[in-house]
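Worksheet for the structure shown next.
The values are calculated or read from the model by the stated rules, or taken from the named source; none is laboratory data. Every value quoted in this text rests on a predicted model; they were computed, and no experiment measured them. Positions of Cβ are generated from backbone atoms using ideal geometry, with glycine treated the same way; all protein chains shown enter the neighbour counts.
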Amino acid sequence: MKISVIGCGYLGTVHAACLAELGHDVIGIDVDQAKVDLLSAGRPPFYEPGLPELLRSAMASGRLAFSSDIAAVAGSRVHFVAVGTPQLANSNAADVGYVDAAVESLLPHLAPGDLVVGKSTVPVGTAERLADVVTEGAPGARLAWNPEFLREGFAVKDTVAPDRLVYGIAAGDSTAEALLDEVYATAVGNGTPRVVTNYATAELVKVSANAFLATKISFINAMAEVAEATGADVTQLADAIGYDARIGRRFLNAGLGFGGGCLPKDIRGFMARAEELGVDQALSFLHEVDAINLRRRERMVDLTREVLGGQLDGKRITVLGLAFKPDSDDVRDSPALDVAVRLAELGAEVVASDPQAVETARRRYPQLRYLADVEDAVRGADAVLLLTEWKEYRDLDPDRVGSLVARKSILDGRNCLDPVQWRAAGWQYRALGRP
């Protein structure tokens with residue numbers, strides 16, 4: 001099948017490359033010519049494990065191309081809209097302007113029988129509105145909504161072998177369902193669970209999933225606050241309740257909290273849309289989920305000040321990790337980068353490091369000092385803060401690092417180190433929610 005993907009950011013690039021690898025002929029469209037040039041050279045403008053190799057393979061096969069000319073979509077049967085929906089300035093609501101613009105730009109190039117498929121995360125009700133735009137602007141074309149469930153660091157696997165497929169289609173639109181089955185023939189053939197539903201349900205699936213995950217993370221971080229006040233150990237608490245099959249251990253890792261371009265934005269947008277619909281009381285708990293998450297950052301700053309005897313001014317602090325999660329260079333709403341900036345603003349001499357996110361962080365906050373090499377970064381530090389749980393940080397040798405720092409104080413913002421090992425090497429070890 002010939003397919004177009006409108007928007008070649010993180011979602012669109014991964015989706016386009018994976019569809020080409022699955023055998024489709026794909027054209028990726030983006031208004032940013034510099035991005036198109038990079039992608040056409042087989043170079044993704046962001047870090048995602050496995051994507052560069054996949055991109056080069058798809059380009060070499062001749063099944064994948066990129067363009068800034070929307071007219072290049074002509075002849076495609078399915079058109080995926082994968083543009084961003086950032087949080088509006090001075091509001092919790094999502095900005096759907098890019099989605100609207102993408103659909104409008106497609107209309108002159110749609111043929112009868114074409115299917116426009118939304119993948120962007122949008123407020124519930126958007127698909128119903130856009131379905132009318134498509135049918136009125138391009139008679140014979142139709143719209144479906146097919147939410148994405150990518151995890152940064154695992155996006156290629158999640159696209160090629162998803163854990164579920166959700167099709168939001170108009171009532172009785174068997175043609176749209178058949179086209180999507182053809183797009184995802186490999187996954188469907190492998191027995192991937194498939195939910196065929198209406199537009200509103202499909203739109204709610206993604207934000208509901210993110211709201212649930214955010215709630216689970218904030219729950220264990222709330223328990224970390226209680227643990228600190230009582231002398232309990234939140235990691236052992238999480239282990240104990242995680243054995244309950246109704247609860248499970250995943251997403252019960254207490255620490256610095258969640259960030260990135262999805263969870264914070266999506267739960268805030270969900271709350272804003274609920275208020276518009278008059279059901280804001282149903283999601284009032286998400287305000288506290290967000291508040292707990294943000295308090296973790298404040299607590300890490302306070303804990304650092306406490307470890308350094310109440311004084312941050314002039315202290316050399318090494319921050320290990322800047323991306324919001326490992327295996328990513330994404331620093332959008334990153335708790336780690338936020339803490340680093342706060343400490344610098346309070347007078348600390350901050351040296352920041354990350355295996356992949358130094359350049360993306362530098363573009364946002366050039367005032368910090370960045371060093372890519374871990375040993376250079378920790379040399380002479382009064383305190384070391386591990387804030388993103390990259391494997392190379394989890395595997396650090398406490399004796400080797402101890403020979404480089406000025407003072408053996410480590411703050412484990414992700415509860416990913418062995419406190420016994422680090423204390424045995426002479427370190428003062430502190431972590432959120434642990435005695």
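Observations
- Residues of the stretch 180-194 satisfying the condition of being over 26 Å from residue 2 (Cβ atoms) and within 25 Å of the chain's Cα centre (by Cα): 193
- Residue that is farthest from the chain's Cα centre (by Cα), among those in the stretch 149-179 that are farther than 24 Å from residue 327 by Cβ and touching a residue at least 60 places away in the same chain (Cβ under 8 Å): 175
- Given (1) under 26 Å from residue 264 (Cα atoms); (2) over 29 Å from the mean Cα position of the chain (by Cα), index of the condition residue 334 fails: (2)
- Residues of the stretch 227-249 classified as without any contact (Cβ under 8 Å) to a residue 24 or more places away in the chain and surrounded by fewer than 13 Cβ atoms within 10 Å (Cβ to Cβ), total: 10
- Matching residues, the stretch 135-158, being part of a helix (DSSP H, G or I) and either among the basic types (Lys, Arg) or surrounded by fewer than 23 Cβ atoms within 10 Å (Cβ to Cβ) (or both): 135, 136, 137, 156, 157, 158
- Filter pass, residue 40 being farther than 21 Å from residue 144 by Cα, hydroxyl-bearing (Ser, Thr, Tyr) and more than 25 Å from the chain's Cα centre (by Cα): no
- Residue within the stretch 417-430 that is in contact (Cβ under 8 Å) with a residue 40 or more places away in the chain and under 26 Å from the mean Cα position of the chain (by Cα) present: no
- Residue, nearest to residue 239 (Cα to Cα), within the stretch 403-435, restricted to residues that are touching a helix residue (DSSP H, G or I) at 6+ places or on another chain (Cβ under 9 Å) and of a type in the set (Gly, Ala, Ser): 433
- Residue identified as closer than 20 Å to residue 17 by Cβ, of a type in the set (Gly, Ala, Ser) and touching a Phe, Trp or Tyr at 6+ places or on another chain (Cβ under 8 Å) among 155, 170, 161, 185: 155
- Residues within the stretch 1-54 that are in a helix (DSSP H, G or I) and in contact (Cβ under 8 Å) with a residue 24 or more places away in the chain, tallied: 19
- Of all residues in the stretch 66-87 being surrounded by fewer than 18 Cβ atoms within 10 Å (Cβ to Cβ) and within 26 Å of the chain's Cα centre (by Cα), the one that is farthest from residue 124 (Cα to Cα): 68
- So residue 386, is it touching a Phe, Trp or Tyr at 6+ places or on another chain (Cβ under 6 Å), under 18 Å from residue 407 (Cα atoms), at pLDDT 95 or above and crowded, with 24+ Cβ neighbours inside 10 Å: yes
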